Amino acid sequence: MASKVALITGITGQDGSYLAEQLLEKGYEVHGLIRRSSSFNTDRIEHLYQDPHAVNRRLTLHYGDLTDGIGLREVLTRVKPAEVYNLGAQSHVRVSFDQPVYTVQVDALGTINFLEAIRDVQNSTGEKIRFYQASSSEMYGKVVETPQTENTPFYPRSPYACAKVYSFWQTLNYREAYDIYACNGILFNHESPRRGETFVTRKITRAAGRIKEGLQKKLYLGNLDAKRDWGFAGDYVDAMWRMLQQDKAEDYVVATGETHSVREFLDEVFRPLDIDWHDVVETDPRYLRPTEVDLLLGDPGKAKKQLGWEPKVTFKALAKMMIEADWELAKRDAYLAKRK
């Protein structure tokens with residue numbers, strides 16, 4: 001029996017790497033779309049190439065860009081995926097204020113480029129492609145109700161969130177207008193040791209380990225009172241897969257149902273290091289958003305009931321996982337610094 005084929009954009013990112021791992025374990029043939037760069041950016045999936053048991057679980061990378069609609073059609077025609085996971089994006093909210101046009105080109109127009117490519121391929125070949133769109137809790141922005149559900153109105157507060165709202169509605173529209181199996185996963189904040197170092201949780205754990213090892217003295221952050229619904233990325237990509245296995249395409253909130261402040265995360269990270277974070281953390285206006293999102297709290301009831309999905313990693317376990325990994329990195333860095 002032939003393996004099911006999946007195509008992942010953003011495969012070199014946090015979510016893409018965890019999703020690729022899980023799909024390979026399920027026996028998929030996995031293809032990833034990556035942008036051409038003068039430097040390698042495949043660290044998060046390097047272990048998948050080195051896996052000695054991966055000979056019959058193929059992983060193939062293709063150069064491409066979400067802003068290139070013709071290129072997307074060519075990749076779809078060549079790969080013939082049964083499932084497409086659109087995780088590629090400029091995903092840093094604060095950066096989207098500095099690069100709003102680029103953010104919209106990738107996060108909004110990139111999505112419709114892909115939906116159009118899928119529509120063209122399906123019309124010409126008759127082959128059905130299931131499409132997952134990475135939507136975001138940032139779409140709720142200045143929340144009008146708590147907790148947020150699939151029916152909560154959006155109130156985006158950043159160029160990133162506005163672009164994601166556009167993609168959400170285009171995904172829904174293509175589902176209804178062209179009978180494409182297309183669904184949105186409205187994922188609340190999800191973290192891991194593979195999180196980018198400029199995102200607040202990883203910025204904290206990376207700095208905490210380095211402060212403990214004497215490699216840096218201070219950590220500068222923005223709004224310490226912001227509250228988020230934080231879960232583990234490895235749990236959340238399982239929900240993505242479950243969405244594309246349903247008989248009917250629908251949209252789902254993926255969250256833990258708990259909210260915690262940045263201050264609480266700092267407590268959990270610095271406590272095992274025996275450091276009072278108040279002594280080393282300072283706020284810096286450069287990291288404040290022009291329009292802040294103060295509270296996000298998701299209701300994952302629909303995902304639990306219809307997908308059979310449950311978050312497994314708790315907030316405390318997530319913080320522990322991340323600081324342990326980054327403390328080990330800091331110890332290695334300190335060792336190498338002493339050898340110089």
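The values are calculated or read from the model by the stated rules, or taken from the named source; none is laboratory data. Fair warning: this is a prediction, and the values are worked out from it, not measured in the lab. No Cβ is skipped: glycine too gets one built from the backbone with ideal geometry, and neighbour counts run over all protein chains shown. Ligands, DNA and RNA are excluded from the accessible area calculation, which covers all protein heavy atoms including side chains. Shrake-Rupley method; radii C 1.70, N 1.55, O 1.52, S 1.80 Å.
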Quiz prompt | Label-reachable residues, region 74-103, where backbone N falls under 16 Å from a point 7 Å from T67's Cα toward its Cβ | solution = 88-92, 96-103
Quiz item: So what are the ³J(HN,Hα) numbers for region 8-24, from phi and the Karplus equation (6.51, -1.76, 1.60; θ = phi - 60°), rounded to whole Hz, Gly and Pro as x?
Solution: 10, 8, x, 5, 7, x, 4, 5, x, 5, 5, 5, 4, 4, 5, 5, 4
Quiz item: What FRET efficiency would be calculated for the residue pair R58, D267, taking the C-beta separation as r and a Förster radius of 56 Å, to the nearest 0.05?
Solution: 0.80
Quiz item: When only the heavy atoms of the protein chains count and the probe is 1.4 Å, how do Y102, Y335, Y85 rank by accessible area, highest first?
Solution: Y335, Y102, Y85
Quiz prompt | E197-Y155 pseudo-label distance in nm [points 7 Å out on the Cα-to-Cβ vector] | solution = 3.7
Self-check item: For V5, distant residues with modelled amide H under 5 Å away
Solution: E29, A82, E83
Quiz prompt | Karplus 3J(HN,Hα) series, Hz, for region 177-183 with 6.51 cos²θ - 1.76 cosθ + 1.60 (x for Gly, Pro) | solution = 7, 10, 6, 8, 6, 9, 9
Quiz item: Kirkwood-based Rg over Rh for the chain (C-alpha set), two decimals?
Solution: 0.97
Self-check item: Heavy-atom accessible area ranking, 1.4 Å probe, most first, across K203, K338
Solution: K338, K203
Quiz prompt | Accessible surface of K212 - all protein chains present, 1.4 Å probe, nearest 10 Å² | solution = 80
Exercise. With all protein chains present, calculate the accessible area of I180 using a 1.4 Å probe and round the result to the nearest 10 Å².
Key: 10
Practice problem: Report, by chain and number, residues whose modeled amide H sits under 5 Å from the one on T256, excluding near sequence neighbours (fewer than 5 apart, same chain). | Solution: G298
Quiz item: Once the whole set of protein chains is in place, how much accessible area is left on W327, using a 1.4 Å probe, in Å² to the nearest 10?
Solution: 70
Practice problem: Add +1 for every Lys or Arg and -1 for every Asp or Glu among the other residues with Cβ under 12 Å from the Cβ of K227, and state the total. | Solution: -4
Exercise. Give the residues of region 179-197 whose amide nitrogen is closer than 17 Å to a point set 7 Å from the Cα of K4 in the direction of its Cβ.
Key: 181-185
Quiz item: For N86, what is the net charge nearby, where nearby means another residue's Cβ is under 15 Å from its Cβ and Lys, Arg count +1, Asp, Glu -1?
Solution: -1
Quiz prompt | In nm, spacing of pseudo-spin labels at K217 and Q246 (7 Å Cα→C-beta vector) | solution = 5.4
Quiz item: About its Cα centre, what dipole magnitude does the chain give when the only charges are +1 on Lys and Arg Cβ and -1 on Asp and Glu Cβ, stated in debye to the nearest 20?
Solution: 760
Self-check item: Whole-angstrom gap from region 128-151 to region 191-256, using each part's C-alpha centre
Solution: 17
Quiz prompt | Amide H within-cut-off set for N189, under 5 Å, with H built and near neighbours excluded | solution = D229
Exercise. Determine the gain in length on full extension of the stretch E145-E127; use 0.36 nm per residue of separation and subtract their C-alpha separation, reporting nm with one decimal.
Key: 2.4 nm
Quiz prompt | Alpha-carbon Debye profile of region 140-295, log10 I(q)/I(0) at 0.11 Å⁻¹ | solution = -0.54
Quiz item: What number comes out for the charge environment of D279, summing +1 per Lys or Arg and -1 per Asp or Glu over other residues with Cβ under 13 Å away?
Solution: 0
Quiz item: So what is the accessible area of region 182-340 per residue, in Å², with the probe set to 1.4 Å?
Solution: 46
Practice problem: Sort L318, L295 by accessible area with a 1.4 Å probe, largest first. | Solution: L295, L318
